[in-house]
Amino acid sequence: MGYDVHITRRTDWFEQGQPSIALAEWLTFVQADSEMRLDGFAEANLGDGSVLRTEDPSLAVWFAHPERGNRNGLAWLWLSGGNVQAKNPDVHTLKKMWTIAQALGAKVQGDDGELYESTGQTIPGQSQPDASVPKGKPWWRLW
């Protein structure tokens, strides 16, 4: 598992029936961004020597990560349910996501509802999610 952060136009990233980012719009953005490329797949080497591969026509890579030598300079982003998302993004990827969100007329929101600003940090002064109210997509809506 991991923690997802979403580029969304919705009040909350998981809400249905609200504005979405269309596949064609996402692909057009990726093609126009000189720091990104559309791969349609991602691969990771596992500890046992095998390779985990996932394929998705919206899967794009941000290859201009400033720590390129330490992490291969790659961050994968893809469209899922009308939002662009990344798994476990670091601060550099969050900054890039904020830039993408500005171009798409959207915002950057974590699984728990927190919003991110241009620095890659959460927006100061925003109300924190109420721990007594479940936030995020219910487990039964994952599939």
Practice problem: Distance between Cα centroids, the range 98-122 to the range 1-58: provide it in whole Å. | Solution: 15
Quiz item: From the phi of every residue in the range 7-15, what ³J(HN,Hα) in whole Hz does the Karplus formula 6.51 cos²θ - 1.76 cosθ + 1.60 yield, where θ is phi - 60° and glycine or proline is x?
Solution: 9, 9, 9, 7, 4, 10, 3, 8, 5
Practice problem: Would you work out if the range 6-96 is rounded, prolate or oblate? Take a ≥ b ≥ c from the square roots of the eigenvalues of the alpha-carbon gyration tensor; rounded if a/c is under 1.5, else prolate when a/b is larger than b/c, oblate otherwise. | Solution: prolate
Quiz item: Across the range 30-36, in residue order, what do the Karplus-derived ³J(HN,Hα) couplings come to in whole Hz, using 6.51 cos²θ - 1.76 cosθ + 1.60 with θ = phi - 60° and x for Gly and Pro?
Solution: 4, 5, 8, 8, 5, 9, 10
Self-check item: Residue-by-residue Karplus 3J(HN,Hα) for the range 88-100, coefficients 6.51, -1.76, 1.60, Hz, glycine and proline x
Solution: 6, x, 7, 4, 5, 5, 4, 5, 5, 4, 5, 4, 4
Quiz prompt | Long-range HN-HN contacts of residue 4 with modeled amide H, under 5 Å | solution = 88, 111
Practice problem: Based on other C-beta atoms within 10 Å, arrange 123, 100, 7 from fewest to most. | Solution: 123, 100, 7
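No lab work stands behind these numbers, since they all come straight from the coordinates. What you are looking at is a predicted structure, and each value in this text was computed from that prediction instead of being measured. Every residue, glycine as well, gets a Cβ built from its backbone with ideal geometry; the counts of neighbours run over all protein chains shown.
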